[in-house]
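Heads up: the structure comes next, in structure tokens.
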Amino acid sequence: MAELQLPTPLVSTAWLIEHLADSKLRIVDVRFSLADPLAGYMAYREGHIPGAVYLNLEADLSAPLRPDRKGGRHPLPTPEAFARTLSQAGIGNEHGVVVYDDNGMVAPRLWWMLRWLGHDAVAVLDGGVRAYLEAGGKLEPGSSTYPPTTFTPHPRPEMLLDAEAVAGRSADTVLIDSRAPERYRGEVEPLDPVAGHIPGAINRNWADSLDTSGRFKPAQAQRARFAEVEGKDLIVYCGSGVSATANLLALEVAGIKGARLYAGSWSDWVSDPSRPVAKGEEG
């Protein structure tokens, strides 16, 4: 079979259905609900895209929570630990990976993490499982597995920042908060102990990267969302380093390169009470 040519950063359902039998393809289901951590796995067991393995946001795509809350609610695992997870799931450096969810928020986390480990052959299924079903795709119950393999990480530390780097960013760096506007303004905070945003951050709600069908908006629309920051040094964050990756994928769609992730995000920022907090509108 010819070498797999994987479109990135998004693949269509038509492409996926055509390539389901490709031995170099690995499909990963990452459906997850913050309100019910078991819901995604139960949905996977009930019916998933044929061949898909399941990875859990909290158990597989995050390190254990620290008692002092440093690193936030979904701290990144070390490259070595995540490489072991990938290896056990049967994902090697030679594989193309398609990842999907049911809300457009979680799949970009795995997309970003694989790229962070130097693996560019990864794409998000545009529109997720909903688009797959609308295209006539069939689901299968139970679980799927791939033979274990070896994934060798080639980390790109330049993609990642910590709180100290965010606090010490240059004056011309743009900090983008990806949460819903009411959380950014500090009017509500359903998940973290402190409401508000990092001083100086602007707000670009990650959900605005999607259209009404749950697909990512095209390049022109994404560029319009980020028009005023294009060409600048960008740092993106959210509540815990998950939905921010949807904005990072949107920036990639727009052709805007080089944005970095503050993975600990707001939940890490407020773990230190000495860090400043802002509320209200931008500016």
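Which helices (runs of 4 or more DSSP H) sit wholly inside the stretch 127-196 and have at least 3 residues that are at negative phi and loosely packed, with under 15 Cβ neighbours inside 10 Å?
Once the helices (runs of 4 or more DSSP H) in the stretch 127-196 are filtered for at least 3 residues that are at negative phi and loosely packed, with under 15 Cβ neighbours inside 10 Å, what remains is 163-167.
Just one of A59, A35, A14, A21 is loosely packed, with under 14 Cβ neighbours inside 10 Å, among the hydrophobic types (A, V, I, L, M, F, W, C) and in contact (Cβ under 8 Å) with a residue 12 or more places away in the chain; which is it?
Of A59, A35, A14, A21, the one residue that is loosely packed, with under 14 Cβ neighbours inside 10 Å, among the hydrophobic types (A, V, I, L, M, F, W, C) and in contact (Cβ under 8 Å) with a residue 12 or more places away in the chain is A14.
Check whether at least one residue in the stretch 218-231 is within 18 Å of the chain's Cα centre (by Cα) and within 27 Å of D68 (Cα to Cα), and report yes or no.
No, the conditions are met nowhere in the stretch 218-231.
For L261, state whether it is assigned to a helix (DSSP H, G or I), of a type in the set (A, V, I, L, M, F, W, C) and closer than 18 Å to N203 by Cβ.
no
Exactly one of these conditions fails for F216: (1) closer than 28 Å to D102 by Cβ; (2) surrounded by fewer than 16 Cβ atoms within 10 Å (Cβ to Cβ). Give me its number.
(2)
For the stretch 89-101, which positions are under 13 Å from the mean Cα position of the chain (by Cα) and either part of a loop (DSSP other than H, G, I, E, B) or closer than 19 Å to D211 by Cβ (or both)?
Within the stretch 89-101, Y100, D101 qualify.
S274 fails exactly one of the following numbered conditions: (1) polar (S, T, N, Q); (2) without any contact (Cβ under 8 Å) to a residue 60 or more places away in the chain; (3) touching a Leu at 6+ places or on another chain (Cβ under 8 Å). What is the number of that condition?
(3)
Quick note: the coordinates plus some simple rules give every number you see, no bench work behind them. Here the structure is a predicted model, which means the values were calculated and not measured. Backbone-built Cβ (ideal geometry, glycine too); neighbour counts: all protein chains shown.
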